[in-house]
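**Student:** Got a structure here, written out as structure tokens. Questions coming.
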């Protein structure tokens, strides 16, 4: 019984890891940056300075990517 439980836990862990990496890859493919990476780098490179919330971070990244400047769409392409 213990072997079955151990095998089940290993499979569940592998599924979680696969889901994490699939989600991360998909986000990067469509241009959504990683919030965790931002927080990590912000704390290392700018200690003591405030870190944006996820909502602020997402809005700022979307504004930078899809800004209309001088009557022209400034997109990723």
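**Student:** As a test of the definition: which semi-axes, in Å, follow for the chain when you take the square root of five times each eigenvalue of its alpha carbon gyration tensor? Largest first, please.
**Tutor:** Details: eigenvalues 276, 70, 13 Å².
So the equivalent ellipsoid measures 37, 19, 8 Å along its semi-axes.
**Student:** Could I ask something else about it? For residue 49 and residue 9, compute 0.36 nm times the residue count separating them, minus their Cα-Cα distance, and round to one decimal in nm. Write down the numbers at each step before the final one.
**Tutor:** Numbers: separation 40, 0.36 × 40 = 14.40 nm, distance 4.01 nm.
Length difference between fully extended and current span is 10.4 nm.
**Student:** Using helices alone, what [θ] at 222 nm do you get for the chain, with -39,500 (n - 2.57) per DSSP H run of 4 or more residues, divided over all residues and rounded to the nearest 500?
**Tutor:** Details: 3 runs with 52 residues, N = 77.
Only helices count here, giving -22500 deg cm²/dmol.
**Student:** Relative contact order of the chain, please, whole-number percent, based on alpha carbon pairs below 8 angstrom and at least 6 residues apart. Write out the running numbers ahead of the final one.
**Tutor:** Working: 23 pairs, mean separation 11.0, N = 77.
In percent, rounded to a whole number, it is 14.
Only the coordinates and a few stated rules stand behind these numbers; no lab work does. As the structure is a computational prediction, the values presented were derived from the model and not from experiment.
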